[in-house]
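One structure is given below, encoded as C-alpha cells.
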Amino acid sequence: MDFKNKVILITGASSGIGKQTAIEFAKKGAKLILVARRKDKLELVAKELKKFHTTILVCQCDISDKDQVKEMSKIVLEKFNTIDILINNAGFAIYGTVSNLSIDEIESQMNTNYFGMIYCVKNFLPSMIENQVTLLMSHQLLQALDYQELHHTVHQNLQCLDFQRV
Ligand SMILES: NC(=O)c1ccc[n+]([C@@H]2O[C@H](COP(=O)([O-])OP(=O)(O)OC[C@H]3O[C@@H](n4cnc5c(N)ncnc54)[C@H](OP(=O)(O)O)[C@@H]3O)[C@@H](O)[C@H]2O)c1
C-alpha cells in the first residue's frame with residue numbers, strides 16, 4: 001500500500017509502539033496526527049519527524065475523556081476533512097486476575113483501552129465512511145489480557161463493529 005499523503009491518526013504517539021509507528025509512516029510520506037496526553041513528548045516526536053518533510057499535527061488529548069476526543073476530532077476534521085487510517089494504539093497493560101485486580105484498575109484500563117478506542121472510532125468513522133476509507137487498526141485487539149472475561153468482552157464488542165482488522 002502506498003502511504004504517501006495518507007492521513008494517519010495515531011493515538012499513543014508520544015512513546016513506544018505509537019512513536020515508532022509514526023516514524024515508519026513518516027518515512028513513507030504519510031501526513032500524521034499524533035495524539036497523547038503528554039504534549040511535551042508529542043512535540044519531541046514531531047521534532048524528530050521534521051526530517052521527513054511531511055505534515056504533522058500534534059493533538060494533546062486524553063482518549064478516556066469523550067469530550068476531549070470530540071474536541072480533538074473536530075480540530076482534526078477541520079484541518080484534514082477526513083483521515084485515511086486510524087491507529088488505536090494508546091493504552092496500557094495491567095497484570096493480574098479479576099480476583100486480585102481492583103475495580104478501579106480494571107475500570108481505568110477499560111476507560112482508556114476500550115472506551116478510548118470506541119470514542120475515537122465513533123468520532124472518525126462517519127467521515128471515513130463518507131469518504132470510503134475505513135481502515136482502523138487496534139493494538140488492543142492483539143493484546144493478551146490475563147483476565148479472560150474482559151478480553152472476551154473487548155473481542156466480542158469489536159466483532160460487532162463492521163471494520164477491517166489488520
Ligand atoms: N509493548 C508491548 O509488548 C505490548 C504488547 C501488547 C499490547 N501492547 C499495547 O500496545 C500499545 C502501546 O504499547 P507501548 O508498549 O508502546 O506502551 P507505551 O510506551 O506506554 O505507550 C503508550 C502510549 O499510550 C498513550 N496513552 C496512554 N493512556 C492514554 C490516554 N488516556 N489518552 C491518550 N494517550 C494515552 C501514552 O501517552 P501519554 O502518556 O503521553 O498519554 C503513550 O504514548 C498499548 O495499548 C499497549 O497496551 C503493548
When the residues of the range 4-22 are filtered to those that are under 25 Å from Ser127 (Cα atoms) and surrounded by fewer than 19 Cβ atoms within 10 Å (Cβ to Cβ), which remaining residue is nearest to the ligand (Cβ to nearest atom)? Lys6
Out of all the residues in the range 43-93, which are closer than 12 Å to Thr112 by Cβ and among the acidic types (Asp, Glu)? Asp62, Asp65
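Listed here are the residues, each with its yes/no results for (1) in a helix (DSSP H, G or I); (2) within 20 Å of Phe124 (Cβ to Cβ); (3) more than 10 Å from the ligand (Cβ to nearest atom).
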position	(1), (2), (3)
Phe25	yes, yes, yes
Gly29	no, no, yes
Leu34	no, yes, no
Leu42	yes, yes, no
Ser73	yes, yes, yes
Within the set of pairs 6 or more residues apart or between chains, which connect a residue that is free of Cβ contacts under 8 Å to residues at least 60 places away in the same chain inside the range 15-28 to a residue that is within 10 Å of the ligand (Cβ to nearest atom) and assigned to a helix (DSSP H, G or I) with Cβ atoms less than 7 Å apart? Ser15/Lys41; Lys19/Val45; Ala22/Val45
Test set (1) in contact (Cβ under 8 Å) with a residue 40 or more places away in the chain; (2) under 25 Å from Gln109 (Cα atoms); (3) exposed (fewer than 15 other Cβ atoms within 10 Å of the Cβ) - Asn81 fails condition number: (2)
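Only the coordinates and a few stated rules stand behind these numbers; no lab work does. Quantities reported herein were computed from a predicted structural model and do not represent experimental measurements. Cβ sites come from the backbone with ideal geometry, for glycine too, and all protein chains shown count toward neighbours.
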